[in-house]
Amino acid sequence: FAFDEGSIFLAGGMGSHFGGFAQVTYDGVDKSWAWDNLDMRLVNTGQIGGKELVYGLTLNNNPTIQDAWNSTPGWGFPYTDSALLPGPSASVFMSDGLAQNVMGLSAYAWIDSHYYIEAGGYVSPSRGTLKWLGSDPYDPGNIHGIAPYGRIAWQGQLGGGTTEIGAFAMKTSIWPGRDRSSSFTDRHTDVGVDASWQRTLGSGDIVALNTRYTHEKLSLKGSCALGVLDGSIPGCASGSLNELRADASYYWHNKFGLTVSGFNLSGSSNAAFYEDNARPVPNSTGAVVQIDATPWGDGSSPLGKLFNMRVGVQYTAFTKFDGTSSHASNNNSIRVFTWLAY
């Protein structure tokens, strides 16, 4: 039994052009406070080619947290989980690898309510700043220069619902552990595509589908040179990862929901990267099933419209874990949770 986390949010706007939200979270597993997701906006409206235009700047600390869809890592399913649960040892870098350890500024444009374009870059705050904010300043390290980030998306009506199709990319060069004694850095190049579809039925029920695929090319010459990885192993410095995720949800009257999600992580073999795995590959495959209830999803809570709660059961099953199917089910977990908001 664990108190997973508690968060305080401050959100709103000042005038017609500035707004955003900031989150501070208490981690009940690590028993520590830290800053969490941050997204501050400067926004304006206009026209381009006779089409409506919303444009602005976003200052944030987690790549894709500024995104408007649930198909990218920042807001993707599962929307709540626990640090107590077992998980694969490998993940693509954009899936939480830089969360709360960077600051980024990017410009974006929303054109004709159909096309979204964004471009910017991320840097690493100082060691002292991150430590003061409650983040680990050494994990993953210090970005060399600026890490560029880009995002494009199209949204429209298809199949009676709202459809989004997009792509995103990011390239980082990092001194692992902030150690600059080597001239080499760890490099990650992530390129992904995503899609989502959501439809509200006549009865008020909601159907939602989300999916994304990310390919990562990585070169860990910095870690090999510094001895973080065994540089004597052939192929220590190079590799690739592929992550595929998809989820489907059905919510009845915004109160009772069922979500089924599948994921597959695969990549090149490397004995230095995955020396603790049963086989020297990152391959993991599994599914998550969640059933939940939000009894006052219509705002009828006896404690007022500001209070709500969700209770649910979340089951995670693996058919492959850290490179092998043998005993993968030993990592299966069932989680019963409640989520309170006021």
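The values are calculated or read from the model by the stated rules, or taken from the named source; none is laboratory data. Quick caveat, the model's predicted, so the values are computed rather than measured. Don't worry about glycine lacking a Cβ; one is built from the backbone with ideal geometry, like all the others, and counts go over all protein chains shown. When the accessible area is computed, the model is the full protein with side chains, heavy atoms only, and any ligands, DNA or RNA have been set aside. Shrake-Rupley method; radii C 1.70, N 1.55, O 1.52, S 1.80 Å.
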**Message:** So if I place +1 on the C-beta of Lys and Arg and -1 on the C-beta of Asp and Glu, and nothing else carries charge, what would the dipole magnitude of the chain be about its Cα centre? I want it in debye, nearest 20.
**Reply:** 280
**Fill in**
Per the 1/(1 + (r/R0)^6) rule, R0 = 25 Å and r from the Cβ atoms of W132 and L84, FRET efficiency to 0.05 is 0.40
**Asked** For W33 and H114, what is the calculated FRET efficiency with R₀ set at 51 Å and r taken between the beta-carbons, to the nearest 0.05?
**Response** 0.80
**Message:** For the pair S238/V54, report the inter-label distance in nm, with labels modelled 7 Å from Cα in the Cβ direction.
**Reply:** 4.4
**Message:** How large a share of the accessible area of the chain, in percent, is made up of carbon and sulfur atoms when the probe is 1.4 Å and the other protein chains stay in place?
**Reply:** 60
**D36 long-range amide H proximity, modeled H, under 5 Å** = Q23, V24, T25
**Request:** Take the chain, connect every pair of alpha-carbon atoms lying under 10 Å apart with a spring to form a Gaussian network, then pick out the residue of Y55, Y79, Y108 with the largest mean-square fluctuation.
**Result:** Y79
**Asked** How long is the gain from Q47 to N330 if the chain were fully straight, where each residue apart is worth 0.36 nm and the alpha carbon distance is subtracted?
**Response** 96.2 nm
**J(HN,Hα) series, segment 89-95, from Karplus relation 6.51 cos²θ - 1.76 cosθ + 1.60, nearest Hz, glycine and proline x** = 6, 10, 7, 5, 5, 6, 8
**Message:** Which trypsin sites (Lys or Arg not before Pro) in segment 291-342 sit in a loop by DSSP (not H, G, I, E or B) and have at most 11 other Cβ atoms within 10 Å of their own Cβ?
**Reply:** K305
**Message:** Whole-Hz ³J(HN,Hα) for each residue in segment 154-163, computed from phi via Karplus 6.51 cos²θ - 1.76 cosθ + 1.60 with θ = phi - 60°, x for glycine and proline: what do you get?
**Reply:** 10, 10, x, 9, 9, x, x, x, 8, 10
**Request:** Would you work out the relative contact order for the chain, in percent, from Cα pairs under 8 angstrom that are 6 or more residues apart?
**Result:** 10
**Asked** Can you list the residues, at least 5 places off or on another chain, whose amide H is less than 5 Å from the amide H of F77, using H built in the peptide plane?
**Response** none
**Message:** If you average the alpha carbon positions of segment 193-207 and of segment 222-248, how far apart do those two centres end up, in angstrom?
**Reply:** 37
**Item:** Label point 7 Å beyond Cα of T338 along Cβ direction - residues of segment 279-311 with amide nitrogen under 20 Å
**Value:** 290-311
**Asked** Taking the Cα-to-Cβ direction at A167 and at V260 and moving 7 Å from each Cα, how far apart do the two end points lie in nm?
**Response** 3.1
**Request:** Could you tally the net charge around D112, taking each other residue with its Cβ under 14 Å from the Cβ of D112, Lys/Arg +1 and Asp/Glu -1?
**Result:** 0
**Fill in**
Once all protein chains are kept in place, W154 shows an accessible area at probe 1.4 Å, nearest 10 Å², of 70
**Item:** Lys/Arg +1, Asp/Glu -1 at C-beta; segment 198-255 dipole; positive extreme among I233, S223, Y213
**Value:** Y213
**Request:** Filter the trypsin sites (Lys or Arg not before Pro) in segment 31-127 down to the DSSP loop ones having no more than 13 other Cβ atoms within 10 Å, then list what survives.
**Result:** K31
**Prompt:** Gap in Å between the Cα centre of segment 26-42 and the Cα centre of segment 98-143?
**Reply:** 14
**Karplus-derived HN-Hα couplings along segment 62-74 (A = 6.51, B = -1.76, C = 1.60, θ = phi - 60°), whole Hz, x at Gly and Pro** = 7, x, 5, 5, 7, 6, 9, 10, 8, 9, 9, x, x
**Request:** Using a 10 angstrom cutoff on alpha carbons, build the Gaussian network for the chain and name the most mobile of E118, E243, E52.
**Result:** E52
**Request:** Select from V92, V193, V43 the residue whose mean-square fluctuation is largest in a Gaussian network model of the chain (Cα-Cα springs shorter than 10 Å).
**Result:** V43
**Request:** May I ask you to give the solvent-accessible area per residue for the chain, in square angstrom, as obtained with a 1.4 angstrom probe?
**Result:** 51
**Fill in**
Among beta bridges assigned by DSSP with both residues in segment 86-125, the antiparallel ones amount in percent, to the nearest 5, to 100
